[in-house]
Amino acid sequence: AQTVTQSQPEMSVQEAETVTLSCTYDTSESNYYLFWYKQPPSRQMILVIRQEAYKQQNATENRFSVNFQKAAKSFSLKISDSQLGDTAMYFCAFMKHNSGYALNFGKGTSLLVTP
Amino acid sequence: GAGVSQTPSNKVTEKGKYVELRCDPISGHTALYWYRQSLGQGPEFLIYFQGTGAADDSGLPNDRFFAVRPEGSVSTLKIQRTERGDSAVYLCASSLTLGHRGELFFGEGSRLTVL
């Protein structure tokens, strides 16, 4: 079974600053996907960024980037130039590649962006 | 539709009652997923469908929970003899194909409260 751990229940950052959210996972799989999903107060989960385990290059989507360390089983999310609209719960998630299409989510990190 | 639609948005029921939660996925999406999110937790996988068939129902907690997708579009999650521990937000998601590199589109959820 795969487990996903987010050790930071809450984080706070000032507008325009950079913040990093941590995630570690445990798996015996060699090929898999990792994700960060955002859940604003509206409850609708939105995919922020995706990383395929076989790719060494870290994924980037505009202000969002990841630091993927496969050997350490670490997958952190960096948000640059934080905006008030980034305030949300952020969930790290794992999915096996080509089998077992259930997402395994961590408990989440609540991010507050302050003016 | 434009997005995943879930009804009702909120449901309050008494212990022992029967409940149905409905999910209308994005048009053209063949895969549909149900997750349950308890307070302060990440979503937990319940079941997913590819077309009309339940491809994986290993996350259903017990036989009081059942889900159908008779025509390969709308899905209904059915909970019999509800218990207080069933109180949670039930999230539905759809994707173009099963798994689809983890890009799931979520609805806003149905909040179930069992008194």
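The values are calculated or read from the model by the stated rules, or taken from the named source; none is laboratory data. Given the structure is predicted, the values throughout are model-derived calculations rather than measurements. Backbone-built Cβ (ideal geometry, glycine too); neighbour counts: all protein chains shown.
Summary table below
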item	result
Condition broken by residue B:58, with the remaining ones in (1) over 30 Å from residue A:10 (Cβ atoms); (2) away from chain A (no Cβ under 11 Å); (3) outside any strand (DSSP E or B) satisfied	(2)
Residue list for region B:27-36, restricted to those being in contact with a Gly (Cβ under 7 Å, 6 or more places away or on another chain) and more than 13 Å from chain A (Cβ to nearest Cβ)	B:27
Complete set of residues in region A:82-115 that are out of contact with any strand residue (DSSP E or B) (no Cβ under 6 Å at 6 or more places or on another chain) and over 23 Å from residue A:44 (Cβ atoms)	A:98, A:99, A:100, A:115
Residues that are in a strand (DSSP E or B) and aliphatic (A, V, I, L, M), drawn from region A:66-115	A:66, A:77, A:79, A:88, A:89, A:93, A:95, A:111, A:112, A:113
Scope region B:34-85; condition at positive phi and touching a helix residue (DSSP H, G or I) at 6+ places or on another chain (Cβ under 9 Å); matching residues	none
Residue match in region A:42-49 (condition: out of contact with any Phe, Trp or Tyr (no Cβ under 8 Å at 6 or more places or on another chain) and within 12 Å of another protein chain (Cβ to nearest Cβ))	yes
Count of residues meeting criterion [crowded, with 20+ Cβ neighbours inside 10 Å, within 10 Å of another protein chain (Cβ to nearest Cβ) and in contact (Cβ under 8 Å) with a residue 24 or more places away in the chain] in region B:94-104	3
Residues (charged (D, E, K, R) and either more than 17 Å from the chain's Cα centre (by Cα) or surrounded by fewer than 12 Cβ atoms within 10 Å (Cβ to Cβ) (or both)) located in region B:1-20	B:14, B:15, B:17
Subset of region B:2-24 (residues that are within 14 Å of chain A (Cβ to nearest Cβ), assigned to a loop (DSSP other than H, G, I, E, B) and either without any contact (Cβ under 8 Å) to a residue 60 or more places away in the chain or not small (Gly, Ala, Ser) (or both))	B:2, B:4, B:8
Every residue from region A:50-73 that is among the hydrophobic types (A, V, I, L, M, F, W, C) and within 13 Å of the chain's Cα centre (by Cα)	A:59, A:64, A:66, A:68
Count of residues meeting criterion [free of Cβ contacts under 8 Å to residues at least 40 places away in the same chain and either part of a strand (DSSP E or B) or β-branched (Val, Ile, Thr) (or both)] in region B:61-93	4
Some residue of region A:43-54 being part of a strand (DSSP E or B) and either polar (S, T, N, Q) or closer than 18 Å to residue A:17 by Cα (or both)	yes
Residue list for region B:30-41, filter: modelled with pLDDT under 95 and either surrounded by 18 or more Cβ atoms within 10 Å (Cβ to Cβ) or touching a His at 6+ places or on another chain (Cβ under 8 Å) (or both)	B:31
Test for residue A:83: is it surrounded by fewer than 14 Cβ atoms within 10 Å (Cβ to Cβ) and either in contact (Cβ under 8 Å) with a residue 60 or more places away in the chain or within 14 Å of another protein chain (Cβ to nearest Cβ) (or both)	yes
